[in-house]
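The values are calculated or read from the model by the stated rules, or taken from the named source; none is laboratory data. The structure displayed is predicted, hence computed values, not measured ones. No Cβ is skipped: glycine too gets one built from the backbone with ideal geometry, and neighbour counts run over all protein chains shown.
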Amino acid sequence: MRPEDLTKLVQGTRDAAYAVDSEGAIVAWNDEAAKLFGIAAEEAVGRTCYSIIKGTDESGRVCSPNCIIRQALQRDSGVSSFDMQVRTANGRKWCSASIFVVKTANCSAPHAIHIMRPIDVAKRLEFAVRDYLLTHTRLSGEEGTELLASNTAAHQAKLSARELEVLRMLASGTSTKSIAAGLHISSTTVNNHIRHILDKLDAHSRLEAIRRAERAGMV
């Protein structure tokens with residue numbers, strides 16, 4: 001795909017859409033995106049998407065310099081759709097984000113096309129129904145965990161089997177020393193796994209990583 005074709009594709013999308021490069025900079029921005037976010041293409045193109053969108057979900061920040069989508073671009077892998085609350089011209093609203101990873105000619109790194117569909121009313125209804133079920137029905141622990149699991153960006157994190165094992169032990173309150181003993185590895189190796197987990201989940205602390213993983217149904 002040529003760069004000009006990428007722009008035409010974004011412009012031809014009826015939903016709010018924009019494309020970013022592997023560094024997170026916006027390279028295309030359609031008229032519907034301008035309406036949704038209240039920012040003209042001339043102002044948006046060239047800026048980082050996280051500085052405009054400022055996406056969050058139930059676990060906290062989604063948009064950042066090391067967001068899940070940028071990690072996917074660096075891996076040259078696909079991304080499933082997820083929900084996030086974004087800064088729009090009319091305040092913060094929930095949107096469903098569909099991401100398409102494409103390659104353009106004369107560019108070694110792929111681009112990510114974002115298609116944003118407002119779902120604010122539906123999302124708030126989902127929260128209300130979920131809260132009612134959790135409060136007024138007798139759910140098993142597994143059913144409760146499944147109900148709490150949200151369609152979050154953390155679903156996209158590509159954790160290895162060992163990283164998931166370490167994450168689940170962290171979530172159960174196991175110390176670094178005990179994880180090392182239980183897995184027969186050094187504490188240094190455990191800390192390296194934890195650092196990779198934090199990077200992949202775009203979390204600043206172990207607690208934030210656990211919270212993101214819980215919301216995504218990973219632990």
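The table for this structure:
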{"quantity": "Scope region 1-38; condition under 22 Å from residue 94 (Cβ atoms), among the charged types (D, E, K, R) and in a helix (DSSP H, G or I); matching residues", "calculated": "31, 32, 35"}
{"quantity": "Members of region 40-57 found to be surrounded by 19 or more Cβ atoms within 10 Å (Cβ to Cβ) and part of a loop (DSSP other than H, G, I, E, B), listed by number", "calculated": "55"}
{"quantity": "Condition met for residue 168 (among the basic types (Lys, Arg), part of a helix (DSSP H, G or I) and either exposed (fewer than 14 other Cβ atoms within 10 Å of the Cβ) or under 19 Å from the mean Cα position of the chain (by Cα) (or both))", "calculated": "no"}
{"quantity": "Residue in region 37-52 that is in contact with a helix residue (DSSP H, G or I) (Cβ under 6 Å, 6 or more places away or on another chain) and either touching a residue at least 60 places away in the same chain (Cβ under 8 Å) or in the same structural domain as residue 210 (by TED's automatic domain parsing) (or both) present", "calculated": "no"}
{"quantity": "Flag for residue 157 being touching a residue at least 60 places away in the same chain (Cβ under 8 Å) and not assigned by TED's automatic domain parsing to the domain that holds residue 23", "calculated": "yes"}
{"quantity": "Residue 54, sole failed condition from (1) touching a Pro at 6+ places or on another chain (Cβ under 9 Å); (2) within 14 Å of residue 86 (Cα to Cα)", "calculated": "(1)"}
{"quantity": "Region 183-197, residues that are out of contact with any Ser or Thr (no Cβ under 7 Å at 6 or more places or on another chain), assigned to a helix (DSSP H, G or I) and surrounded by fewer than 17 Cβ atoms within 10 Å (Cβ to Cβ)", "calculated": "183, 188, 189, 192, 195, 196"}
{"quantity": "Condition met for residue 62 (in contact with an Asp or Glu (Cβ under 9 Å, 6 or more places away or on another chain) and touching a residue at least 60 places away in the same chain (Cβ under 8 Å))", "calculated": "yes"}
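Okay, residues lined up against (1) of a type in the set (Val, Ile, Thr); (2) outside the structural domain of residue 17 (by TED's automatic domain parsing); (3) buried (at least 17 other Cβ atoms within 10 Å of the Cβ); (4) part of a helix (DSSP H, G or I):
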| site | (1), (2), (3), (4) |
| --- | --- |
| 92 | no, no, no, no |
| 105 | no, no, no, no |
| 114 | no, no, yes, no |
| 130 | no, yes, no, yes |
